[in-house]
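Contents: one structure, followed by commentary.
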Amino acid sequence: MRGIIGFIAMLQGALGFIGKTFFDGAWGLLAHWFDLPSVAYLGLFLAGAALAVWGDTDKKRKAQRV
């Protein structure tokens, strides 16, 4: 579950950062609710990546135990 949430957070962070940095405004669902700076979208991407890696590592660790 952490991997899925992490992937969604990465997607929203990437869309917001790319849209805000290179185009006229942020893309994605978060842009409809919040007005975040570009750095916050980058941080959201990194937090999502950390969640995705944590979930994948935990899944592999559980598979090795069995």
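Computed quantities for the displayed model
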read-out	value
Inter-residue pairs, beta-carbon under 8 Å, first surrounded by fewer than 18 Cβ atoms within 10 Å (Cβ to Cβ) and in the stretch 7-24, second part of a helix (DSSP H, G or I), 6+ apart	PHE7/GLY48; PHE7/ALA52; ILE8/GLY48; LEU11/GLY48; GLY19/ALA31; THR21/SER38
Residue ID - nearest to the chain's Cα centre (by Cα), chosen from residues in the stretch 28-38 that are open to solvent by 70 Å² or more (accessible area, probe 1.4 Å) and closer than 24 Å to ARG2 by Cβ	LEU29
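The values are calculated or read from the model by the stated rules, or taken from the named source; none is laboratory data. Quick caveat: nothing in here was measured; it's all calculated off a predicted structure. Note: ideal-geometry Cβ built from the backbone for every residue, glycine included; neighbour counts use all protein chains shown. With ligands, DNA and RNA removed, areas are computed over all heavy atoms of the protein, side chains included. Shrake-Rupley method; radii C 1.70, N 1.55, O 1.52, S 1.80 Å.
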